[in-house]
1. Look at segment 42-55 and say how many of its residues are free of Cβ contacts under 8 Å to residues at least 60 places away in the same chain, surrounded by 14 or more Cβ atoms within 10 Å (Cβ to Cβ) and of a type in the set (G, A, S).
2. Using the structure shown, decide if L35 is part of a loop (DSSP other than H, G, I, E, B), surrounded by 15 or more Cβ atoms within 10 Å (Cβ to Cβ) and of a type in the set (A, V, I, L, M, F, W, C).
3. Determine whether segment 134-142 contains at least one residue that is of a type in the set (D, E) and surrounded by 14 or more Cβ atoms within 10 Å (Cβ to Cβ).
4. Just to confirm my filter: which strands (runs of 3 or more DSSP E) fall fully inside segment 72-150 and include at least 1 residues that are at pLDDT below 95 and under 18 Å from H43 (Cβ atoms)?
5. When you check T19 against the structure, is it crowded, with 18+ Cβ neighbours inside 10 Å, under 28 Å from T194 (Cβ atoms) and of a type in the set (S, T, Y), yes or no?
6. Counting only residues that are surrounded by 14 or more Cβ atoms within 10 Å (Cβ to Cβ) and farther than 16 Å from A24 by Cβ, how many does segment 89-103 have?
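The values are calculated or read from the model by the stated rules, or taken from the named source; none is laboratory data. Being a predicted model, the structure only gives us computed values, none of them experimental. Don't worry about glycine lacking a Cβ; one is built from the backbone with ideal geometry, like all the others, and counts go over all protein chains shown.
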Amino acid sequence: MTQAGDMLALVVASVTPLTPAIKAFVLRGANGAPLPAFTPGAHLGVQVMQPNGHAGQRAYSLARPHGDADSYEIAVLHEPQGAGGSAWMHGLKEGAMLSAHAPRNDFALHRGEAAPLLVAGGIGITPLLCMARALAAEGRAFEFVYATRSAQATAYLREVRALGGTLVHDGGDPSRGLDLRALLSAPAPGRTCTSAARAAWCRPWSTRPARSAGPMRTCTSNSLPARSSRPATPPSRCAPCAPARR
């Protein structure tokens, strides 16, 4: 199951276009052996080939909880101006072989007393979708908000709707994006907030009244590079992580 350096040997079982720029990849063990288990929020460190011929590594969040299917599902946004990793991934076909480090979780779901609030933006949907799917399978209540540019640019749109998620499309205008300040200003007592989004999908100024009252117990944020040249400032209670290369 493993290669040199404890790398997993994986085979691409399927490739599915989710949007014009995003593809989903289902990966299985190359020799049929069981894959290491993981918890929602985990990512794979996938080895990719860069245009200069050198190997690199990219972190792709797992979009589906570990279960009986014994496969990993990731989604990759093609970044034309990136370092080449996403372009290499988008060139893979069913049956292609690749290597990856075992799943690692630096973005775990924090479970509080109240139903958690999951906030996703753009390609940041993948770890939040995994969390939502796990919570739904456990029969636990949660709130799910997903912000994108348009329905056409929305990966996993049907899946999020089926999970009861709320979708916000800004049409390319950041002023029409998700109002994080209002959403997070007064959460339910004991609630945890977990978010992964591009800053440009969200606007920081509150123009709507808060819906609930009480202190926030935990806020975990994972911020991706903004598409706008004027990224919105995240709420002070969210400490974004460093953006990952594509």
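1. Count: 1.
2. Against the criterion (part of a loop (DSSP other than H, G, I, E, B), surrounded by 15 or more Cβ atoms within 10 Å (Cβ to Cβ) and of a type in the set (A, V, I, L, M, F, W, C)), L35 qualifies.
3. No, every residue in segment 134-142 fails to be of a type in the set (D, E) and surrounded by 14 or more Cβ atoms within 10 Å (Cβ to Cβ).
4. It comes to 117-121.
5. Considered against the rule, which asks whether it is crowded, with 18+ Cβ neighbours inside 10 Å, under 28 Å from T194 (Cβ atoms) and of a type in the set (S, T, Y), T19 comes out as yes.
6. 4
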